[in-house]
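Peer 1: Input: one structure, supplied below.
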């Protein structure tokens, strides 16, 4: 199955995405484009209200509105791959510090 790019993805509330490096966000609301908005307005594009899905190390962000094309959709396979990389990183750090 070919991977769907961010521009072709149909966003729904509950989807996971990546916008900032290392931060996984959840789509809380999908705001469709408004044809009656001023030319050049962000409201002429699909917008997403995001919240941080995994508040690691005590960080928590407020709900943010971004343009849909700024987000990269994440699947569970993507998440599993990234967390496997994180596990490997932690194991290597423990090895370097003599903790294994």
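Please treat every number below as a calculation from the coordinates, not as lab data. Nothing here was measured: the structure is a model prediction, and the numbers come from that model.
Peer 1: For the chain, max minus min Cα coordinate along each principal axis, in Å, sorted largest first?
Peer 2: Reported extents, whole Å, longest axis first: 62, 35, 21.
Peer 1: Determine the relative contact order of the chain: mean sequence separation of Cα pairs under 8 Å and six or more apart, normalised by residue count, in whole percent.
Peer 2: Working: 136 pairs, mean separation 25.2, N = 100.
Value for the chain: 25 percent.
Peer 1: What does the helix-only formula give at 222 nm for the chain: each DSSP H stretch with n ≥ 4 adding -39500 (n - 2.57), the total divided by the residues, and the result rounded to the nearest 500 deg cm²/dmol?
Peer 2: Taken over the chain, the calculation gives -7500 deg cm²/dmol.
Peer 1: On a 0 to 90 degree scale, rounded to 10, what angle separates helix 76-96 from the longest Cα axis of the chain?
Peer 2: Compared with the principal axis, the helix lies near 30 degrees.
Peer 1: Could you work out which residue, out of 64, 46, 81, moves most in a Gaussian network model of the chain, that is, has the largest mean-square fluctuation with Cα springs under 10 Å?
Peer 2: The residue with the greatest mean-square fluctuation here is 81.
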